[in-house]
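Each reported figure results from applying straightforward, stated rules to the coordinates on display, with no laboratory input. Every value quoted in this text rests on a predicted model; they were computed, and no experiment measured them. Don't worry about glycine lacking a Cβ; one is built from the backbone with ideal geometry, like all the others, and counts go over all protein chains shown.
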């Protein structure tokens, strides 16, 4: 029996971060289909094509989106806002992934519909752990209820 790979989108303009993310997925041996996009315009073009009907059949949503906050052309907040305007796209689990951790920004992301927030760790070993934790609980359907207390995913929590 073959296991259907997880379809993961990563929108991040930092090529090193994309490489580290891909390596983290490879290292914990979960079958995935990773699509990386370097800016918010590319992301929204892809999501727009998924959102449209393809003949009589709608294309499936990815299993999750890791969204960098600071990208060129269209930033993560702008993308999140557009995603939330679509009844279909707002079902997509959006994990905002950023090096910054400003409380006001995090609160706005929560209020604007992001599912989770992760502060990008500086060390690759920590990055692998936080990606694994997040991908695993979304893939297994063990996502905590979307509450303010569960919004920021860290290694210190459960």
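Just grab the label-to-label distance for residue 22 and residue 122, each label 7 Å out from Cα along the Cβ direction, in nm (one decimal).
2.6
Would you work out the Kirkwood radius for the chain? I mean one over the mean of 1/r across all pairs of different Cα atoms, in Å. Mind dumping the intermediate values first?
Numbers: mean 1/r = 0.0628 Å⁻¹.
Hydrodynamic radius (Kirkwood, Cα only) of the chain equals 15.9 Å.
Counting helices only, and only those DSSP H runs with n ≥ 4, report the 222 nm mean residue ellipticity of the chain as the sum of -39,500 (n - 2.57) divided by its residues, in deg cm²/dmol to the nearest 500.
Working: 6 runs with 63 residues, N = 158.
Helix contribution divided over all residues of the chain: -12000 deg cm²/dmol.
Kindly rank 83-90, 124-131 from highest to lowest mean number of other beta carbons found within 10 Å of each residue.
Numbers: 83-90: 14.5, 124-131: 16.6.
So the peptides 83-90, 124-131, ranked by packing, come out 124-131, 83-90.
Expected output is a single nm value to one decimal: the length gained when fully extending between residue 129 and residue 100, i.e. 0.36 nm times separation in residues minus the C-alpha distance. What is it?
On the way: separation 29, 0.36 × 29 = 10.44 nm, distance 1.86 nm.
Additional length available on full extension: 8.6 nm.
Rounded to the nearest 5, what is the percent of antiparallel bridges among the DSSP beta bridges in the chain? Could you put the intermediate results ahead of the total?
Values: 2 of 21 bridges.
Beta bridges within the chain, antiparallel portion: roughly 10 percent.
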